[in-house]
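Student: This is the structure I want to talk about, given as structure tokens.
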Amino acid sequence: MEHARAHLATAFGDEVALEVHPGAPADAYDPRRDQHLSGRLLGWMAQEDASGTSEDRRVLGVTGRDLFIPILTFVFGEAQLGGRTAVVSIARLRPPPTAPRAANLLRSRLAKECAHELGHAYSLRHCDRPRCVMGRSASVMDVDGKEGLFCADCRARMQDFKQRQRGSALP
């Protein structure tokens, strides 16, 4: 998690704090699929966030639970577009334990997916540049192909979003 925190601080140019809040809503688990509904986790996280009054605060949950949305077999994560919460699962990001440098690969994948989902929380949509962290990821090979940072266009859109948000918060 420290690697992901440091990566997010660099990618977003902001301070990032780690907090541990174990748990999950019981109604997020779907026993037929043996997976958790990511949207329910997002809603639960928004309710559980005691500091939810700050417009510029974003909350990212990281879980080992396998996630899905009803129209897809699985998701690496999900976020509220322009919202405050995002969630990422390591369930499908884990390489086989025998893979060369498996721990480094997992850290890299997690950092990229955390930046991707938080990018959505800052209103960024998927980017057409596959190496941009906001590129689509249908497989871990797609995640591995990303550079992990925002392309110039996505970075500019994110900074514009932050500026508009700060401007609307002024008295």
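The values are calculated or read from the model by the stated rules, or taken from the named source; none is laboratory data. Because the structure is predicted, anything quoted here is derived from the model rather than measured. All Cβ positions, glycine included, derive from the backbone under ideal geometry; neighbour counts span all protein chains shown. SASA here: full protein model, heavy atoms, side chains in, ligands and nucleic acids out. Shrake-Rupley method; radii C 1.70, N 1.55, O 1.52, S 1.80 Å.
Student: Taking 25 °C and 0.890 mPa s as the conditions, I'd like the Stokes-Einstein D for the chain in µm²/s, using the Kirkwood hydrodynamic radius from alpha carbon pairs.
Tutor: It comes out at roughly 149 µm²/s.
Student: A follow-up question, please. Could you compute the longest span of the chain free of GluC sites (Glu not before Pro) located in DSSP loops and having at most 11 other Cβ atoms within 10 Å, not counting the site residues?
Tutor: Values: sites that count: Glu15, Glu19, Glu55.
In the chain, the maximal stretch lacking such sites is 56-171.
Student: Report the Cys residues of the chain lacking a disulfide-compatible partner, meaning no second Cys Cβ under 4.7 Å from their Cβ.
Tutor: Cysteines lacking a close Cβ partner in the chain: Cys114, Cys154.
Student: Could you check the simple spin-label distance between Leu72 and Glu19, using points 7 Å along Cα→Cβ, in nm with one decimal?
Tutor: Once both label points are built, they end up 2.7 nm from each other.
Student: Leaving out ligands and nucleic acids, note down the accessible area per residue over the chain with a 1.4 angstrom probe, in whole Å².
Tutor: 57 Å²
Student: How big is D for segment 1-79, in µm² s⁻¹ as a whole number, if Stokes-Einstein is applied with the Kirkwood radius of its Cα pairs at 4 °C and 1.567 mPa s?
Tutor: 92 µm²/s
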